[in-house]
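Here is the structure we will look at.
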Amino acid sequence: MPGNPDTTGLPVVSIRGLEKSFGALAVLRGIDLDVARGDVVSIIGSSGSGKTTLLRCINALETYDNGSIQLDGVEVQFRNDEAGRRQRRNEWELARLRAETGMVFQLFYLFPHLTALQNVMLGLRKVRKMEVAEAKSVATDWLSRVGLADKAGSLPSQLSGGQQQRVGIARAAAMGPKVLLLDEITSALDPELVGEVLAVVRKLADDGMTMLMVTHEMAFAREASSRIIFIDAGRVAVEGAPGEVFREQANDRLRSFLARVSHL
Amino acid sequence: MLYHLNFGLIWKNIGKLEWGLLLSLELAVVAIAIGVVIGLGLALIYEQSSRPVRALVSLYVEFIRNVPLLLLVYLVFYGIPTVVDIRYDGVTSFLATLSLYAGAYLVEIFRAGLAAVPRGLTDAGRAIGLTPLQGFIHVRLPTMFRVILPSLSNTFVSLFKDTSVASVLAVPELTYGAQWINFNTFRIVEVYAVVTPMYLIAGYGILGALRLLERRFAVS
Amino acid sequence: MFWSVIESLPFVWRGLLVTLGAAALTVSMSLVAGLLLGTIVTYAPWPARIPVRLFSDLIRGIPILVLIFFVYYGLPVTGLNLNNFAAGVLAITLFSTAQVVEITRGSLQSLHHGQMEAAKAIGLNFPQRLTYVIFPQAVRRFLPPWINSVTDAVKGTALLSLVGIVDLMLAIQQVIGRTYAPMPLYVLGALIYFVINYSLSSLSRRLEARYAYIKE
């Protein structure tokens, strides 16, 4: 597996003072967050609270204004040049670092011209530089782990939404990322297809995959996560084990948020 | 490079270019007007007809669209009078050609436009008791025109540029004016330095104005 | 008259070869330049985009005939002496390049931005994203209008006759000058252009069907 698993106990993802604005709109106002190896962290909060932006910053799909995001101790988006000035990394460095984080999208974004197997193989071949045979065996293995071994040759247009999302998970997880980022991966699915996708996430969690997910599935977050983060107005408002967070409802905003989503 | 710009001779002959531009615009306006009649007529005929008639319409469209305009211009001006007893000057002949040319492109545009009018809309017209003709005039036609206005604007500007081909029949439009000054004064760079902006400003100006018009219609 | 037309056929054939040669040169050069500039105009930062945008709008705003005359008569003044074939092909290539720029931009922009993001997320760098994810999908949108632009280029070459290149158009004109049989020769010429361009548009329809499996 690529990415060297160290056992120093340092957090895999370490975020400090993260700030991000879109024009005049401050979306993230100083986020601090550590994700330990094997952690499954669910981020909850009302829409527009900056959850998705946070994930996108970790994967360098979005740049941020201030603060830092470190992945295994390496600053993700910026480096200091010779004069000590903060510089955004170039495209090539970003591409290399992105390969260390997996991202699963709300709308799947499978490559429509490639089969399920080819979708999973592309990164293995071109980024991990695997031989065809090796990439194929890794990709096939991942497709069977998400229960789609028989769909390897299907194009995305021939798959159901739930199947497409499972391919999306396999595509991200096959890269052996240090952390898997899941961005509302069930919210575009018909209700009857949600279960099969969550089952796959559950299995990954049991296998020790480090995950950071934005979700609206409160029951699932409660049951599958090791930690819950409630983000409100661009800050971490409440943080803790699922039991505590849901039982104590420590903060008014959390209480009203939970009251609202439980009615949905 | 020992070429000294001298616009004096251009300004002295600027009338050739001004009248040329005006004639180019006139040719384009007449061609699109006749082209709209041909295009809309054939699009309706195509829609209502049996296969042999459709094949004839398609033949006309495909023939015109796949042959260079220059050849069509020659064919109509030099060719047709040798087989049919007919006489016409360059302007008439070119206008006939450009209108037929515009018609072929407009048939396709109108066909797509007519197909884009939702069935439910014509049904709604029928439901309030409009006759088929009334339904066509008050419901289908205006809806279709709103859909195709951008394509119509583009076609007009592209016909305006195509009028340059009339210069081969010595029709005194803008390109002919440029060539005339070019051959009589040899101020090549200067004449194109004036003519190019004339085409650009007229073309993009008209397109901009038509876009404003489209927006007005889109709102109402 | 019939025989004189038959006798002229080898001459017309040579003209056709000139037309096809000019079209082939134009199409291949404008494809390379247009893809490059079209990619720049879609993805590059604005300082690189603006000159391409200006080039494309300028070229598309003037008649192709004016462009041909300008390049043919104007270039010698700048000290650059191209023969009429090179000047004519250059002019049509500029015209065709501007078209390919717009077609490229249109087909790239038609893709959902999520495709670019998903390709980024698995760590592909920019050229890899274009090669393996973006271009293979864009090609389906690109081909039909591009083949249209190829037929425009073929038709555009007829204007080369006006700067004295003996292409199919001028060959026909010259034969008419000798035989005084305009109608049969114009019809012959029209049929030849028609066959070339109609085959191209049929090819376009077939290619479109071939890529229909890519559904977004």
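Does segment B:30-38 include one or more residues that are in a helix (DSSP H, G or I) and under 30 Å from B:PHE183 (Cα atoms)?
Yes: one or more hits.
Any idea how many residues of segment A:123-160 are of a type outside the set (Ser, Thr, Tyr) and open to solvent by 20 Å² or more (accessible area, probe 1.4 Å)? Step through it out loud before you land on a result.
Filtering segment A:123-160 for residues of a type outside the set (Ser, Thr, Tyr) gives A:123-136, A:138-139, A:141-143, A:145-153, A:155-156, A:158-159.
Restricting the remaining residues to those that are open to solvent by 20 Å² or more (accessible area, probe 1.4 Å) gives A:125-134, A:136, A:138, A:141, A:145, A:147, A:149-153, A:155, A:158.
Residues in segment A:123-160 being of a type outside the set (Ser, Thr, Tyr) and open to solvent by 20 Å² or more (accessible area, probe 1.4 Å): 22 in total.
Filter segment A:103-120 for residues that are more than 7 Å from chain C (Cβ to nearest Cβ), closer than 22 Å to A:ARG56 by Cα and crowded, with 23+ Cβ neighbours inside 10 Å and give the result. Can you show your working first?
If we filter segment A:103-120 for residues that are more than 7 Å from chain C (Cβ to nearest Cβ), which is where we start, we get A:104, A:106, A:108, A:110, A:114-120.
Pick out the ones that are also closer than 22 Å to A:ARG56 by Cα and you get A:104, A:106, A:108, A:110, A:119-120.
Listed by number, the residues that qualify are A:VAL104, A:PHE108, A:LEU110, A:ASN119, A:VAL120.
Scanning segment A:59-87 for residues that are of a type in the set (D, E, K, R) and in contact with a helix residue (DSSP H, G or I) (Cβ under 8 Å, 6 or more places away or on another chain), which turns out farthest from A:GLY102 (Cα to Cα)?
Within segment A:59-87, the match that is farthest from A:GLY102 (Cα to Cα) is A:ARG79.
Anything in segment A:100-115 that is in contact with a strand residue (DSSP E or B) (Cβ under 8 Å, 6 or more places away or on another chain) and farther than 11 Å from C:GLN115 by Cα? List them, or say none.
A:GLU100, A:THR101, A:GLY102, A:MET103, A:VAL104, A:GLN106
Can you find, within segment C:39-79, the residue that is surrounded by the most Cβ atoms within 10 Å (Cβ to Cβ) among those that are within 14 Å of chain B (Cβ to nearest Cβ) and not in a helix (DSSP H, G or I)?
The extreme case among them is C:PRO63.
Can you find a residue in segment B:145-166 that is surrounded by 14 or more Cβ atoms within 10 Å (Cβ to Cβ), modelled with pLDDT of 90 or more and over 19 Å from the mean Cα position of the chain (by Cα)?
Checking segment B:145-166: not a single residue is surrounded by 14 or more Cβ atoms within 10 Å (Cβ to Cβ), modelled with pLDDT of 90 or more and over 19 Å from the mean Cα position of the chain (by Cα).
For segment C:189-216, how many residues meet the condition of being closer than 14 Å to B:PHE63 by Cβ and surrounded by 16 or more Cβ atoms within 10 Å (Cβ to Cβ)?
So the answer is 9.
Report, by residue number, each residue of segment C:164-188 that is aromatic (Phe, Trp, Tyr) and surrounded by fewer than 19 Cβ atoms within 10 Å (Cβ to Cβ).
Taking segment C:164-188 as the starting set, the residues that turn out to be aromatic (Phe, Trp, Tyr) are C:180, C:186.
Selection gives C:TYR180 alone.
Given segment A:1-109, what strands (runs of 3 or more DSSP E) lie entirely inside it while holding 2 or more residues that are under 28 Å from A:ALA259 (Cβ atoms) and at pLDDT 90 or above?
Numbers: elements: A:13-22, A:25-35, A:40-44, A:66-71, A:78-80, A:86-88, A:101-104.
Per the criteria, A:25-35, A:40-44.
Only one of these conditions is not met by B:LEU106: (1) modelled with pLDDT of 90 or more; (2) farther than 23 Å from C:ASN148 by Cα; (3) not β-branched (Val, Ile, Thr). Which number is it?
(2)
Limited to segment A:166-198, what total is found for residues that are free of Cβ contacts under 8 Å to residues at least 12 places away in the same chain and either within 12 Å of chain C (Cβ to nearest Cβ) or within 18 Å of A:ALA116 (Cβ to Cβ) (or both)?
Summing the residues that are free of Cβ contacts under 8 Å to residues at least 12 places away in the same chain and either within 12 Å of chain C (Cβ to nearest Cβ) or within 18 Å of A:ALA116 (Cβ to Cβ) (or both) in segment A:166-198 gives 0.
Scanning segment B:1-54 for residues that are modelled with pLDDT under 85 and among the aromatic types (Phe, Trp, Tyr), which turns out farthest from B:LEU114 (Cα to Cα)?
Here the residue is B:TYR3.
Any chance segment A:206-219 includes a residue that's part of a helix (DSSP H, G or I), open to solvent by 20 Å² or more (accessible area, probe 1.4 Å), more than 27 Å from C:LEU124 (Cα to Cα) and not small (Gly, Ala, Ser)? Let's see the steps before the verdict.
Just the residues of segment A:206-219 that are part of a helix (DSSP H, G or I), to begin with: A:206, A:218-219.
From what is left, the residues that are open to solvent by 20 Å² or more (accessible area, probe 1.4 Å) are A:206, A:218-219.
Adding the requirement that they be more than 27 Å from C:LEU124 (Cα to Cα) leaves A:206, A:218-219.
Checking the rest, the ones that are also not small (Gly, Ala, Ser) come to A:206, A:218.
Looking for residues that are part of a helix (DSSP H, G or I), open to solvent by 20 Å² or more (accessible area, probe 1.4 Å), more than 27 Å from C:LEU124 (Cα to Cα) and not small (Gly, Ala, Ser), one finds at least one in segment A:206-219, hence yes.
Is it the case that some residue within segment B:47-69 is within 14 Å of chain C (Cβ to nearest Cβ), out of contact with any helix residue (DSSP H, G or I) (no Cβ under 7 Å at 6 or more places or on another chain) and under 23 Å from C:ILE172 (Cα atoms)?
Within segment B:47-69 (the criterion being within 14 Å of chain C (Cβ to nearest Cβ), out of contact with any helix residue (DSSP H, G or I) (no Cβ under 7 Å at 6 or more places or on another chain) and under 23 Å from C:ILE172 (Cα atoms)), the answer is no, since none of the residues qualifies.
Only one of these conditions is not met by B:TRP19: (1) within 13 Å of chain C (Cβ to nearest Cβ); (2) under 25 Å from C:ILE62 (Cβ atoms). Which number is it?
(1)
Quick one: would you say C:LEU36 is free of Cβ contacts under 8 Å to residues at least 60 places away in the same chain, over 21 Å from C:ALA190 (Cα atoms) and outside any helix (DSSP H, G or I)?
Working: free of Cβ contacts under 8 Å to residues at least 60 places away in the same chain: yes; over 21 Å from C:ALA190 (Cα atoms): yes; outside any helix (DSSP H, G or I): no.
It is false that C:LEU36 is free of Cβ contacts under 8 Å to residues at least 60 places away in the same chain, over 21 Å from C:ALA190 (Cα atoms) and outside any helix (DSSP H, G or I).
Six or more apart or on different chains, Cβ atoms under 7 Å: show the pairs whose first residue is in segment A:76-102 and facing chain C (nearest Cβ under 7 Å) and without any contact (Cβ under 8 Å) to a residue 12 or more places away in the chain and whose second is of a type in the set (S, T, N, Q) and open to solvent by 20 Å² or more (accessible area, probe 1.4 Å).
A:GLU91/C:ASN125; A:TRP92/C:ASN125
What is the number of the single condition among (1) aliphatic (A, V, I, L, M); (2) within 14 Å of another protein chain (Cβ to nearest Cβ); (3) under 26 Å from B:GLY41 (Cα atoms) that B:ILE181 does not meet?
(3)
So is C:LEU17 out of contact with any helix residue (DSSP H, G or I) (no Cβ under 8 Å at 6 or more places or on another chain) and either buried (at least 18 other Cβ atoms within 10 Å of the Cβ) or aliphatic (A, V, I, L, M) (or both) or not? Spell out the reasoning first.
Working: out of contact with any helix residue (DSSP H, G or I) (no Cβ under 8 Å at 6 or more places or on another chain): yes; either buried (at least 18 other Cβ atoms within 10 Å of the Cβ) or aliphatic (A, V, I, L, M) (or both): yes.
It is true that C:LEU17 is out of contact with any helix residue (DSSP H, G or I) (no Cβ under 8 Å at 6 or more places or on another chain) and either buried (at least 18 other Cβ atoms within 10 Å of the Cβ) or aliphatic (A, V, I, L, M) (or both).
Would you mention how many residues in segment C:102-122 are facing chain A (nearest Cβ under 8 Å) and in contact with a Ser or Thr (Cβ under 9 Å, 6 or more places away or on another chain)?
Step one: of segment C:102-122, the residues facing chain A (nearest Cβ under 8 Å) are C:112, C:114-115, C:117-122.
Narrowing further to those that are in contact with a Ser or Thr (Cβ under 9 Å, 6 or more places away or on another chain): C:121.
Result for segment C:102-122: 1.
Which residue pairs have Cβ atoms under 7 Å apart, sit 6 or more places apart or on different chains, and have a first residue in segment B:64-84 that is farther than 19 Å from B:GLY39 by Cα and a second that is among the basic types (Lys, Arg) and not in a helix (DSSP H, G or I)?
B:PRO81/B:ARG87
Just for segment A:220-250: of the residues that are over 17 Å from A:ALA199 (Cβ atoms) and assigned to a loop (DSSP other than H, G, I, E, B), which one is least open to solvent (accessible area, probe 1.4 Å)?
A:GLY234
State all residues of segment B:74-99 that are more than 14 Å from chain C (Cβ to nearest Cβ) and either within 17 Å of the chain's Cα centre (by Cα) or open to solvent by less than 30 Å² (accessible area, probe 1.4 Å) (or both); if no residue qualifies, say none.
Step one: filter segment B:74-99 for residues more than 14 Å from chain C (Cβ to nearest Cβ), giving B:87-92, B:95-96, B:99.
Residues satisfying the conditions are B:GLY90, B:VAL91, B:THR92, B:LEU95, B:ALA96, B:SER99.
The values are calculated or read from the model by the stated rules, or taken from the named source; none is laboratory data. Just so you know, these numbers come straight off a predicted model, no measurement behind them. Neighbour counts are summed over all protein chains in view; Cβ atoms, including those assigned to glycine, are modelled from backbone coordinates with ideal geometry. The protein model used for the area step is the full one, side chains on, heavy atoms only, and it has no ligands, DNA or RNA in it. Shrake-Rupley method; radii C 1.70, N 1.55, O 1.52, S 1.80 Å.
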